[in-house]
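I have placed the structure first, in the form of structure tokens, so that the comments after it can refer back to it.
The values are calculated or read from the model by the stated rules, or taken from the named source; none is laboratory data. Because the structure is predicted, anything quoted here is derived from the model rather than measured. In this analysis, Cβ positions are derived from the backbone assuming ideal geometry, glycine residues included, and neighbour counts consider all displayed protein chains.
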Amino acid sequence: MTNSMTAFAQVKADNIIWEIRSLNHRYLDISFRMPESFRCIETSLRAIAKTQIFRGKLDCTLYVSNEESHSNLTLDEDLLAKLKDLQNLITKKVGALPTNNALDLLHWPGVIKEPQSGTFSQLETSKKLFGVGVKKLQVMRKNEGEELGHIVEEKLEQLASKVSDIRNTTPNILNEHQERLRSRVSELSLECDTGRLEQELVILANKSDIAEEIDRLDTHIREIRNTLRLGESIGRRLDFLMQELNREANTLSSKALSTGTTLSAVDMKVLIEQMREQIQNIE
């Protein structure tokens, strides 16, 4: 079972809205944007997310609408006075001219007093609603993950077919290559130690033997199929297996005795890269 790391979910209740975005990430990284009066539940929210999500970057935004929020905005005049005193002190110490930009002062944390929110009822509603949002996000991640899994399996079938073709054609290619070498030697009309020639042909066969690489490719393909059926975070394991597949394909290409085998190895590397691109999105 595969889960995607990219998804979006929005849930609403009364005057509370949660928006949760999930993006690719190597680990689980959760960030929250919410009113300061709701920060006390952030630890609980993280615990809720971690019970269901294991990898990805989660951007969680909480919107709380209050009917009187705009009309009740006030300034903290004591804080403004302190900022003014500090500005004058800096000017006196270093000679820097004050900016006198009101917008800069308004951006200072705490200068604007917002209506109090974050009542016990709102906090509890926010936690429950966040849990609903995470479940909704997981449904979307699962649905997209299943599509990614189908794509990987399709590419894996094509890769397995390429490996099988190379396994079946390699013995004939090796025999034909050895026969060509024998024919070339006979065409040269040179006296040749038959035993030594056969030894050289055996050495050539050993250097060109790709049976071990083919076996390892088959093993990795089986392991990927088994991994795709696991009900856990599998993205890292799949990425590691892609590296192993690519390594064997490179070795196979370097040992190829025919153009056909070389081109098949190139096709294999293209398929592996296509799978890797999809796996980057898998949890």
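Quick look at the numbers
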item	result
Lone qualifier among 133, 118 - being modelled with pLDDT of 95 or more and among the small types (Gly, Ala, Ser)	133
Flag if residue 22 is over 17 Å from the mean Cα position of the chain (by Cα) and either closer than 19 Å to residue 232 by Cβ or at pLDDT below 95 (or both)	no
Segment 35-58 - residue that is within 12 Å of residue 130 (Cα to Cα) and touching a residue at least 24 places away in the same chain (Cβ under 8 Å) and, of those, surrounded by the fewest Cβ atoms within 10 Å (Cβ to Cβ)	44
In segment 229-254, residue modelled with the lowest pLDDT [restricted to those that are surrounded by 18 or more Cβ atoms within 10 Å (Cβ to Cβ), touching a strand residue (DSSP E or B) at 6+ places or on another chain (Cβ under 9 Å) and part of a helix (DSSP H, G or I)]	235
Check on residue 155, in a helix (DSSP H, G or I) and modelled with pLDDT of 95 or more	yes
Residues within segment 213-237 that are in contact with a Ser or Thr (Cβ under 7 Å, 6 or more places away or on another chain) and under 29 Å from residue 254 (Cβ atoms), tallied	2
